[in-house]
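Notes follow the structure.
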Amino acid sequence: MKRRELDSRLLILVTLALVAFGLVMVYSATSAAAAVGGKDPSYYLKRQGIYAALGIVLMMVAQRWDYRRLRTLAPLLIGGSLFLLVAVLAIGPAVNGARRWISIGPAVFQPSELAKLALAVWAAAYLSRRPAPRDLRELWRPVGALASVFCVLLILEPDMGTAIALTVMLLGMLVVAGTPGRTLVAAVAIAGALGTIAIWLEPYRRARFFAFLDPWHDAQGTGFQIVQAMIGMGSGGFLGVGLGQGIQKIFYLPEAHTDMMLANIGEELGLLGVAAVIVAYALFAYAGFDIALRCRDPFGKRLATGLTVLVCGQAAVNMLAVMGAAPLTGIPLPFVSYGGSSLVVLLAGVGILLNIAHRGGTAAASVPDRSRRDGRARPARARSGGRAQGKRRPRDVRRVAGSRGSAARS
């Protein structure tokens with residue numbers, strides 16, 4: 001079996017396993033509370049199943065559609081994402097004080113999920129046809145400026161978790177593109193300072209940050225979610241209390257089916273279940289980065305890196321937050337947590353990764369074309385009238401020596 005086929009099969013296996021596991025855990029996290037409240041226990045399961053089926057169809061379509069066509073669609077994706085991010089602030093319904101969703105009949109769409117994919121495609125297209133930014137000025141124009149516009153719109157929703165995910169994704173793509181480490185460190189420092197200001201200016205973000213520092217100080221208030229997540233993770237032991245037998249999800253652990261899904265897994269399946277989830281994301285990272293490493297197309301290499309970092313970066317941030325090692329950001333667990341927009345977009349991203357695995361290895365090498373002012377690359381091929389290099393003839397040696405001599409005399 002070829003290496004790329006192994007990566008593709010591993011990626012498909014891990015992704016579908018996480019999606020199936022997520023359906024089981026979504027039902028486990030929501031059915032008991034719904035039954036107690038007199039509602040349909042399978043309501044969330046049905047909706048998640050529909051989104052999973054739609055996402056798998058998109059994954060199959062993206063796997064067969066040439067990913068290189070996305071390069072030409074990058075400006076359209078960016079424009080559409082910016083329009084939707086502005087529209088959701090104006091017409092989106094307020095849910096828990098945030099405007100993040102657009103309702104289209106019975107369906108609910110979250111524009112920030114499309115923004116992740118759009119920015120990944122655009123950044124990959126831009127970084128593949130231009131040299132990597134060497135300093136902060138080059139990084140700012142236009143990558144940093146566009147990323148800042150996205151982050152400002154997301155923070156206004158407010159959705160700082162997605163802004164963090166976008167920043168981590170771009171950081172991974174810039175590393176692969178060849179941006180110097182000192183430039184990346186300076187950019188991360190600036191982004192961290194701006195993020196700290198954004199946290200301090202918003203009371204609920206400030207409360208979450210202080211709750212992260214000492215959740216037991218206000219265990220019944222701002223620290224309630226973190227404390228309940230810790231109780232759930234700790235009460236599971238090694239093997240857990242049993243699938244569907246957890247009690248934290250019943251009016252104790254807020255958002256047990258979305259942000260806090262890992263705490264529910266820890267309580268019901270124990271350390272073994274949490275370790276299995278971590279191994280699954282590690283295998284996803286291995287397959288995704290190996291696809292990026294073996295891709296010969298610069299656009300595909302950067303896009304594969306961005307999509308892999310997007311999935312695994314979100315998983316890492318979510319796990320750290322649930323375990324109390326990072327502040328709560330509202331980032332769900334990819335493929336596992338309840339959320340239709342996230343599931344559909346991420347499955348479409350996996351389809352693009354699979355397409356890169358099959359087509360990126362055979363992509364034609366390209367070389368810079370100095371005759372073009374736009375700096376784009378052209379396919380590498382022999383010059384017109386050129387022939388394969390063969391055995392050098394004596395008169396060729398004399399001609400070279402004579403040219404050097406005449407150059408010396410001049």
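The values are calculated or read from the model by the stated rules, or taken from the named source; none is laboratory data. Quick caveat, the model's predicted, so the values are computed rather than measured. Cβ placement follows ideal geometry from the backbone for every residue including glycine, while neighbour counts extend to all protein chains displayed. Keep in mind that these areas ignore ligands, DNA and RNA; they rest on the heavy atoms of the full protein, side chains included. Shrake-Rupley method; radii C 1.70, N 1.55, O 1.52, S 1.80 Å.
In table form, for the structure just shown:
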| read-out | value |
| --- | --- |
| The lone exception for TYR252 - which of (1) over 18 Å from ILE356 (Cβ atoms); (2) among the aromatic types (Phe, Trp, Tyr); (3) touching a Leu at 6+ places or on another chain (Cβ under 8 Å) it fails | (3) |
| Where a residue in the stretch 142-154 is more than 15 Å from ILE190 (Cα to Cα) and its partner, wherever it lies, is part of a helix (DSSP H, G or I) and of a type in the set (Val, Ile, Thr), with Cβ under 6 Å and at least six apart | LEU154/THR162 |
| Some residue of the stretch 133-151 being β-branched (Val, Ile, Thr) and under 20 Å from VAL311 (Cα atoms) | no |
| The stretch 174-203, residues that are touching a residue at least 60 places away in the same chain (Cβ under 8 Å) and more than 20 Å from SER148 (Cα to Cα) | VAL176 |
| Scan of the stretch 31-49 for residues that are under 26 Å from the mean Cα position of the chain (by Cα) and in contact (Cβ under 8 Å) with a residue 60 or more places away in the chain, ordered by number | TYR44, ARG47, GLN48 |
| Hey, ARG71 assigned to a loop (DSSP other than H, G, I, E, B) and at pLDDT 90 or above or not | no |
| Residue list for the stretch 275-310, restricted to those being under 26 Å from LEU73 (Cα atoms) and either under 12 Å from the mean Cα position of the chain (by Cα) or among the polar types (S, T, N, Q) (or both) | GLY288, LEU303, ALA304, THR305, GLY306, LEU307, THR308, VAL309, LEU310 |
| Segments classed as helices (runs of 4 or more DSSP H), wholly inside the stretch 102-207, with at least 2 members that are open to solvent by less than 40 Å² (accessible area, probe 1.4 Å) and modelled with pLDDT of 90 or more | 111-129, 145-156, 160-177, 181-201 |
| Selection within the stretch 80-101 - in a loop (DSSP other than H, G, I, E, B) and open to solvent by less than 60 Å² (accessible area, probe 1.4 Å) | GLY92, PRO93, ARG100 |
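Okay, residues lined up against (1) surrounded by 14 or more Cβ atoms within 10 Å (Cβ to Cβ); (2) in a helix (DSSP H, G or I):
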site	(1), (2)
ASP7	yes, yes
LEU16	yes, yes
ALA20	no, yes
TYR27	yes, yes
ALA35	no, yes
GLY38	no, no
PRO41	yes, no
LYS46	no, yes
